[in-house]
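The values are calculated or read from the model by the stated rules, or taken from the named source; none is laboratory data. The structure presented is a predicted model; accordingly, all values stated were derived computationally and were not measured. No Cβ is skipped: glycine too gets one built from the backbone with ideal geometry, and neighbour counts run over all protein chains shown. Accessible surface areas use protein heavy atoms only, side chains included; no ligands, DNA or RNA. Shrake-Rupley method; radii C 1.70, N 1.55, O 1.52, S 1.80 Å.
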Amino acid sequence: MSCWPAPTRPYVLLSCATSIDGYIDDASDERLLLSNEDDLDRVDAVRASCDAILVGAGTVRRDDPRLLVRSPQRRAERVASGRPASPAKVTLTARGDLDPTARFFTAGDPARLVYCATGALEKTQERIGRLATVIDAGEPVDPGWLVTDLAARGVRRLMVEGGGTMHAQFLTAGLADELHLVVAPFFVGDGRAPRFVGEGRFPWHPGHRARLAEARQIGDVVLLRYALSDRFPDADASGSSTLAAPGAC
């Protein structure tokens, strides 16, 4: 955990990979691979730096992610520093339709937190109450309340890995401090497929542009790293920054 003074909410980092035309998946039943091994290792390092990783219930159902730190060295370093081998896993659900056999619940042994709407509380507790801490998050679930509750539980750095609905909720609510957007070198071109975010009123628009803090080529993908709040560690009064050259580490 970080040694910062306890904030009212964690530092929130959003992470997403898209096609050139902004899709995060295709419309098939198979998961679309948008990243490459070098970038996946970068994502693993970001995961290892966080206290919790959040995904929506739709992502748990569709992608069945493990949400664990992959690198043995990074896991060992976390344990040596007094932290669990992997960050806590967090999801939120409006209906409680979560499969207790999903890898969110069965892979690894980090803490698991499930925030659910009040109307789904009983159903959620019956389905996965023995596998995770189930928390009544009101009706509807409010991401602002959720991150405040996470801060009270000791989470200082939160990574939001999707899907598009989660990213949109955090962005439109002004709860994001940093965005890692990876662009894969191909198009999906299918309107049935999910996009990075849908419609919404976002704090960043033509009159208030997000600051690009870094652009980095990682093999055949490009990482765009945006500073979205004054909590971003490189932010200065002028808003200027130095972009990394292609291929820089």
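Couple of notes before you dig in:
- Failed criterion for F187 (all others in (1) in a helix (DSSP H, G or I); (2) surrounded by fewer than 16 Cβ atoms within 10 Å (Cβ to Cβ) hold): (1)
- All told, A45 meets the bar of being within 14 Å of the chain's Cα centre (by Cα) and over 27 Å from L98 (Cα atoms).
- Residue match in the stretch 162-175 (condition: in a loop (DSSP other than H, G, I, E, B) and modelled with pLDDT under 95): yes
- Residue match in the stretch 194-207 (condition: within 26 Å of S86 (Cα to Cα) and among the aliphatic types (A, V, I, L, M)): no
- Reported count of residues in the stretch 210-233, each being part of a strand (DSSP E or B), in contact (Cβ under 8 Å) with a residue 40 or more places away in the chain and touching a Pro at 6+ places or on another chain (Cβ under 6 Å), is 0.
- Residue that is farthest from D25 (Cα to Cα) [pool: residues in the stretch 132-160 that are open to solvent by less than 50 Å² (accessible area, probe 1.4 Å) and in a loop (DSSP other than H, G, I, E, B)]: G154
- Residues in the stretch 175-202 that are among the small types (G, A, S) and in contact (Cβ under 8 Å) with a residue 40 or more places away in the chain: A176, A184, G189, A193.
- Boolean, A193 is buried (at least 16 other Cβ atoms within 10 Å of the Cβ), out of contact with any His (no Cβ under 9 Å at 6 or more places or on another chain) and assigned to a loop (DSSP other than H, G, I, E, B): yes
- Taken across the stretch 130-151, residues that are within 26 Å of C16 (Cα to Cα), among the charged types (D, E, K, R) and at pLDDT 95 or above do occur, with at least one present.
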